[in-house]
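**Q** The structure that follows is given in the form of structure tokens.
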Amino acid sequence: MMKKPVVAVAGATGAVGREMLKTLEQRNFPAKEVICLASSRSAGTGISFKDQELTVRELGVNSFDGVDLAIFSAGGAISEKYAPIAVKSGCVVVDNSNAWRMDKDVPLVVPEVNPEALEKHRGIIANPNCSTIQMVVVLKPLHDAGTIKRVIVSTYQAVSGSGQKAVEELETQVKQLLSMQEAEPKVYPYQIAFNCLPHIDVFLENDYTREEMKMVNETKKIMGDYNIKVSATTVRVPVFYGHSESVNIETEKKITPREARAILSQAPGVTVLDNPSENIYPMPIFAAGEDDIFVGRIREDETIDNGLNMWIVADNIRKGAALNTVQISELLVANNLLRTP
Ligand code: A2P
């Protein structure tokens, strides 16, 4: 019988870390023990998991002794420093940060799209950016059916993607503004309540943001096709949970909206919500707390021969982060891949 792994969650007190623990619990992940790691600020505090109260430990160089699987969501700098330390101590790392995603020795995995990439891992597996995950799960079956040549995407991203402090910032600013006080921006450069910021992560030399370039580069790597052209605009909107995306694709072979709906209704992890006459379409208020990715507003792009427009919504903390890392972890256990080089 397979040995149950000892699992550590680094960043266990954060927005994603807490959802990871919830997801491990809900899916009854076969862990021998779960260890919660965070900064010295929260060391000693308790987190409930199943019927236990787990005590948060401070993350340090010895945190991974005796650990088989570590799931990281404590920011890029922490992953960059501690993931190699964890691997050296014999632990397989599933990392939710941006630190390792484009490393050629690191598989970037969405289980519905490229589970086979896991086979070649060398200790670290990267979890893609949340906006990329929800897009590629929908694009992959369409790419298989008609070969996507070009993608144009604009995102409407929830504040929870920036962590717990950003969730609190939106809440505080809404209260401040509704009581005629000034909104005080701390996490974001401007007020996020009742506003939209066309600025996620830092600006790069090409005038795109790093978030936009993550969508461009990660899509190609996950889909295993570097010929797909991707153009992205990423926008932060005052929504707590659930990223939305307007996605336009051009394919080599024509796919009609009816065919696309049929293909997507069979696709793993996807729910089609598309009945305009009944006002049925995906929205963050429906997606929050759900595992699936929702797609609707599927219609022909009438300006080109083979084009489709669609609207894709998912819970960014769940499928966009916690659930995807737990699904990767489940595959590692099921396929006996919890081994380091
Ligand atoms: P802590 O709560 O102790 O600050 P979020 O994504 O919601 O901002 O959460 C970030 C997570 O990363 C939290 O669990 C946070 O722990 C953790 N974290 C941040 N900085 C460090 C650090 N220097 N060492 C360990 N964990 C950290």
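**Q** From the residues in region 56-68 that are part of a loop (DSSP other than H, G, I, E, B) and within 14 Å of the ligand (Cβ to nearest atom), which one is surrounded by the most Cβ atoms within 10 Å (Cβ to Cβ)?
**A** Phe64
For (1) hydroxyl-bearing (Ser, Thr, Tyr); (2) within 17 Å of Gln134 (Cα to Cα), each residue gets a yes or a no:
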{"position": "Asp201", "(1), (2)": "no, no"}
{"position": "Thr209", "(1), (2)": "yes, no"}
{"position": "Val230", "(1), (2)": "no, yes"}
{"position": "Ile249", "(1), (2)": "no, yes"}
{"position": "Pro276", "(1), (2)": "no, no"}
{"position": "Met283", "(1), (2)": "no, yes"}
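**Q** Counting only residues that are in a loop (DSSP other than H, G, I, E, B), more than 12 Å from the ligand (Cβ to nearest atom), touching a residue at least 12 places away in the same chain (Cβ under 8 Å) and of a type outside the set (A, V, I, L, M, F, W, C), how many does region 27-55 have? Quick ask: steps written out before the conclusion?
**A** Here is the first cut: in region 27-55, the residues in a loop (DSSP other than H, G, I, E, B) are 27-32, 39-45, 50-51.
From what's left, more than 12 Å from the ligand (Cβ to nearest atom): 27-32, 50-51.
Filter once more, keeping what is touching a residue at least 12 places away in the same chain (Cβ under 8 Å): 27, 29-32, 50.
When the remaining residues are screened for being of a type outside the set (A, V, I, L, M, F, W, C), the result is 27, 30, 32, 50.
Summing the residues that are in a loop (DSSP other than H, G, I, E, B), more than 12 Å from the ligand (Cβ to nearest atom), touching a residue at least 12 places away in the same chain (Cβ under 8 Å) and of a type outside the set (A, V, I, L, M, F, W, C) in region 27-55 gives 4.
**Q** Among the residues that make up region 44-53, is at least one of them closer than 27 Å to Pro268 by Cα, surrounded by fewer than 23 Cβ atoms within 10 Å (Cβ to Cβ) and of a type in the set (A, V, I, L, M)?
**A** Checked region 44-53: no residue is closer than 27 Å to Pro268 by Cα, surrounded by fewer than 23 Cβ atoms within 10 Å (Cβ to Cβ) and of a type in the set (A, V, I, L, M).
**Q** Still on this model: Does any residue in region 5-22 that is over 16 Å from Val67 (Cα atoms) come within less than 8 Å, Cβ to Cβ, of a residue that is part of a helix (DSSP H, G or I) and within 6 Å of the ligand (Cβ to nearest atom) six or more places away or on a different chain, and which pairs are these?
**A** Filtered contacts from region 5-22: Gly14/Gln164; Ala15/Gln164.
**Q** May I ask you to list the residues in region 302-341 that are in a loop (DSSP other than H, G, I, E, B) and aromatic (Phe, Trp, Tyr)?
**A** If the condition is that a residue be in a loop (DSSP other than H, G, I, E, B) and aromatic (Phe, Trp, Tyr), then no residue fits.
**Q** Which one is surrounded by the fewest Cβ atoms within 10 Å (Cβ to Cβ), of the residues in region 1-17 that are more than 8 Å from the ligand (Cβ to nearest atom) and either within 27 Å of Glu290 (Cβ to Cβ) or not basic (Lys, Arg) (or both)?
**A** Step by step, filter region 1-17, then rank; the result is Met1.
**Q** Name the residues in region 290-301 that are within 14 Å of the chain's Cα centre (by Cα) and in a loop (DSSP other than H, G, I, E, B), would you? Break it down into steps so the answer makes sense when it comes.
**A** If we filter region 290-301 for residues that are within 14 Å of the chain's Cα centre (by Cα), which is where we start, we get 290-293.
Matches in region 290-301: Glu290, Asp291, Asp292.
**Q** Another question about this same structure. Counting just the residues of region 257-273 that are among the hydrophobic types (A, V, I, L, M, F, W, C) and over 17 Å from Arg318 (Cβ atoms), which one comes out surrounded by the fewest Cβ atoms within 10 Å (Cβ to Cβ)?
**A** Here the residue is Ala262.
**Q** Please specify each residue of region 202-216 satisfying the condition of being of a type in the set (D, E, K, R) and either away from the ligand (no atom under 16 Å from the Cβ) or surrounded by fewer than 16 Cβ atoms within 10 Å (Cβ to Cβ) (or both).
**A** Glu205, Asp207, Arg210, Glu212, Lys214
**Q** Looking at region 56-115, which of its residues are among the acidic types (Asp, Glu) and in contact (Cβ under 8 Å) with a residue 40 or more places away in the chain?
**A** Asp68, Glu112
**Q** If you take the residues of region 88-143 that are basic (Lys, Arg) and assigned to a helix (DSSP H, G or I), which of them is modelled with the lowest pLDDT?
**A** We begin by selecting, within region 88-143, every residue basic (Lys, Arg); these are 88, 101, 104, 120, 122, 140.
In the following step, the residues that additionally are assigned to a helix (DSSP H, G or I) were identified as 88, 120, 140.
Working: Lys88: 97, Lys120: 94, Lys140: 98.
Restricting to residues being basic (Lys, Arg) and assigned to a helix (DSSP H, G or I), the top hit is Lys120.
**Q** Taking only pairs six or more apart or across chains, which ones have beta-carbon atoms under 8 Å, a first residue in region 160-179 that is more than 13 Å from the ligand (Cβ to nearest atom), and a second residue that is in a helix (DSSP H, G or I)?
**A** What qualifies is Leu170/Val159.
**Q** Same structure again: Considering region 180-189 alone, what residues qualify as being more than 16 Å from the ligand (Cβ to nearest atom) and loosely packed, with under 15 Cβ neighbours inside 10 Å? Before the answer, list the steps.
**A** Pass one, region 180-189, residues more than 16 Å from the ligand (Cβ to nearest atom): 180-185, 189.
Matches in region 180-189: Met180, Gln181, Glu182, Glu184, Pro189.
**Q** Run down Val239, Val247 and say which single residue is closer than 27 Å to Ala322 by Cα and assigned to a loop (DSSP other than H, G, I, E, B).
**A** Going through Val239, Val247 in turn, the sole match is Val239.
**Q** Somewhere in region 80-87, is a residue more than 20 Å from Asn28 (Cα to Cα), in a loop (DSSP other than H, G, I, E, B), touching a strand residue (DSSP E or B) at 6+ places or on another chain (Cβ under 6 Å) and not basic (Lys, Arg)?
**A** no
The values are calculated or read from the model by the stated rules, or taken from the named source; none is laboratory data. Because the structure is predicted, anything quoted here is derived from the model rather than measured. Because the Cβ atoms are built from the backbone with ideal geometry, glycine has one as well, and the counts that use them run over all protein chains shown.
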